[in-house]
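Notes to accompany the following structure.
The values are calculated or read from the model by the stated rules, or taken from the named source; none is laboratory data. Small disclaimer: the values here were computed from a predicted structure and weren't measured. Because the Cβ atoms are built from the backbone with ideal geometry, glycine has one as well, and the counts that use them run over all protein chains shown.
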Amino acid sequence: MSAEDVTGERARERALLQAEKMETIGRLTGAIAQQFNELLGAILTRAAALTQSSPPNRDLDELKETARRGAELAHKLLGFSRHKTLDLQPLSLTEYVREILDRLRRELPANVEVQFEADEVGGVVEADPAEVRQILMNLVTNARDAMPKGGTLHVEVRRARLGAADRPLHAWIEPGAYVSVAVSDTGSGMSAATLASVFEPFFTTKPLGVGTGLGMAMVYGLVKQHKGFVHLYSEIGQGTTAKVYLPAVYHRALPLEAVDDEILPGGTETILLVEDDPTMRSVAQELLEKVGYRVLAAVDGEQGLAIYRAHRAELRLVLTDVIMPKLSGFQLYEAIRRDSPALKVLFTSGFPAPNYRKTVGLDAAVAFVTKPWTASELLGRVRTLLQPAPA
């Protein structure tokens, strides 16, 4: 077994262990929250009865307010543990997210630029509109708080298809059609240790007394209750992307699409893969090789340039991360373009790059795919780039 195979296997094991840990925390939290909810409900009922039969009493009013805040906290914990009752209905996620974002823009600081992108054909999910709004508000609030000096908030809604090939990055997924909502910021980013705990109840990176530490726990629980999942990608000093996937549903107004595992597009070309994250590099290499490609892998831009110079005659495409040590993806691209003006280049990053054309110009041999990508997204983009243009 190669080093890349071992890394991929470890990534799968970590994903499953994390999912199991969150299930255990959810069961424990739910049981405690239900007990507290019942106790606080009894306190509020008795306090209301006393209010009716007693003259105005400041202490009693404070008691009711404290119990009410406690009940709200229990309600949030129930959201994490997936014990909330949902009002499920067909929801056009693209239009709904656009509407919510238009309202939230007015509450964001002037130094935060808001960007929105979506597929031309929107996706429909079965969801509770109020809880979807809560999910988006929590993600946008976190993104805003990560950029105290301003930055870019990017929201993206896309249709996606996931299958067994995506399980190394997305544990316990159900294969099928999904609609994804990605919220990205250009803030300070999170360490691997923070990412491992960010969905746990009461975990927070904010100062003591600021916030409850339940925002991302609620997001996790509500998304799971909708039979979806959420994936975080972050780099220190660059920012964070939170990507929520909800199962898509189809109605007569929409074209019916098969949701079984599709045949993933492949080929026999040689591809240079340049990625500094060992898990992403392992998963991408395994995926590309499974569908027939020959892959030469590099751990950073400098090694990628060396491999390119040694194998340029064989290469048909370069798949490269953007933010890397020693040499960035854009710097690698510029070096390649000096002697290979037609070589196909596919950039990949955890942060959407609507302005990446400012760097690459009108180069038709270039494309971009956002992490965390799905197998069909990555392989589809690779095949489209490699496909010869029609005569």
Within the range 119-156, track down each residue that is more than 15 Å from the chain's Cα centre (by Cα), of a type in the set (Gly, Ala, Ser) and not in a loop (DSSP other than H, G, I, E, B).
127, 130, 151
Select from the range 157-181 the residues that are hydrophobic (A, V, I, L, M, F, W, C) and not in a strand (DSSP E or B) and write down the one among them that is modelled with the lowest pLDDT.
171
Could you please let me know if residue 102 is over 21 Å from residue 231 (Cβ atoms), surrounded by fewer than 18 Cβ atoms within 10 Å (Cβ to Cβ) and free of Cβ contacts under 8 Å to residues at least 12 places away in the same chain?
yes
Taking the range 213-243 on its own, how many of its residues are closer than 28 Å to residue 321 by Cα and touching a Pro at 6+ places or on another chain (Cβ under 9 Å)?
6
